[in-house]
1. Take the chain, connect every pair of alpha-carbon atoms lying under 10 Å apart with a spring to form a Gaussian network, then pick out the residue of Ala119, Ala50, Ala98 with the largest mean-square fluctuation.
2. Taking the Cα centre of the chain as origin, sum charge times position over the Cβ atoms of Lys and Arg (+1) and Asp and Glu (-1), and report the length of that vector in debye to the nearest 20.
3. According to the Kirkwood expression over distinct Cα-Cα pairs, how big is the hydrodynamic radius of the chain, in Å?
4. Determine how large the accessible area of Tyr91 is when every protein chain is in place; take a 1.4 Å probe and give Å² rounded to the nearest 10.
5. How much of the DSSP beta bridge set in the chain is antiparallel, as a percent to the nearest 5?
6. Ignoring ligands, DNA and RNA, what percent of the accessible area of the chain is carbon or sulfur (1.4 Å)?
7. Would you list, by chain and number, the lysines whose Cα falls below 24 Å from the Cα of Lys209, excluding same-chain residues fewer than 8 positions away?
8. Against the 2.2 N^0.38 Å scaling, with N counting residues, where does segment 60-131 land? I'd like the Cα-based Rg ratio to two decimal places.
Amino acid sequence: MKRLVLSLLVMGMAVSLFAQVQLPEYHFASGSWGFQGPRLYQNDAKARLAKVNLRIPQSGPMIYEFNARYEDGVQDGHGGFGIHIFGDSAYNGASWGAGKSYLLWLNYDEKPLTRDIPAGFSAQVYRSTTNSRMELVQSVSLNQYLPLLTWDNLSYSIPFRIWVNGDTGEVRVYDPSDPNLANYYYFYIDRKDLPLRGNWAALRTNGIKLSFGLGL
């Protein structure tokens, strides 16, 4: 199984700290990205399609691990972030989709534009087919976690662990509120897209400032 600590790869650009790491090709495609010490920041709360592309070979079982911390934004009642996985290409500019890939997304929206997206806190899975086309595959309300989103809690880095088997389509998204990361949500990617193969991943944000850190 390939274990991919995304934040180590992207923040390995701080060569003095991670000189021993072989760095992937990367592109700050849209938004305002930069490093502050060992963390990678997206600094534009108004950027709707902020994205950093990472050239990373992906096939078979994969683990994606990183932590994310709220920095600012969402005052307008809307913000989100997520990760494209198993991308077949990368567009180095603002785009809605990301070639052929899957987007795993966390969303906060007080007044969503479609009934398919629950109001409040939710998670979505999108199938991307081109840089301009995505379709919603699954949407789940996470409003039971809203009491945890206090201003005090938002000052902490939240760990994320995502396990994906590109051969079977099984995806496990572990519960970041579980200190042992033992519980997870799961779903299956459409069999018509299997097996998943790709050379690109992308971290992206929408209407929020976030920073990303090493490991969990």
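The values are calculated or read from the model by the stated rules, or taken from the named source; none is laboratory data. Small disclaimer: the values here were computed from a predicted structure and weren't measured. Note that each Cβ is placed from the backbone with ideal geometry, even for glycine, and that neighbours are counted across all protein chains shown. Calculation scope for accessible area: heavy atoms of the full protein, side chains included, ligands and nucleic acids excluded. Shrake-Rupley method; radii C 1.70, N 1.55, O 1.52, S 1.80 Å.
1. Per the Cα network of the chain with a 10 Å cutoff, Ala119 tops the list.
2. Working: 20 positive and 18 negative charges, 95 e Å.
Computed charge dipole of the chain: roughly 460 debye.
3. Details: mean 1/r = 0.0576 Å⁻¹.
Kirkwood hydrodynamic radius for the chain: 17.4 Å.
4. Using a 1.4 Å probe on the heavy atoms, I get roughly 110 Å².
5. Values: 71 of 75 bridges.
Approximately 95 percent, going by the DSSP bridge assignments.
6. Working: 5540 of 10640 Å².
C and S fraction of accessible area: 52 percent.
7. Reachable lysines: Lys46, Lys51, Lys111.
8. Working: Rg = 13.7 Å, N = 72, 2.2 N^0.38 = 11.2 Å.
Taking the Cα Rg and dividing by 2.2 N^0.38 Å, one obtains 1.23.
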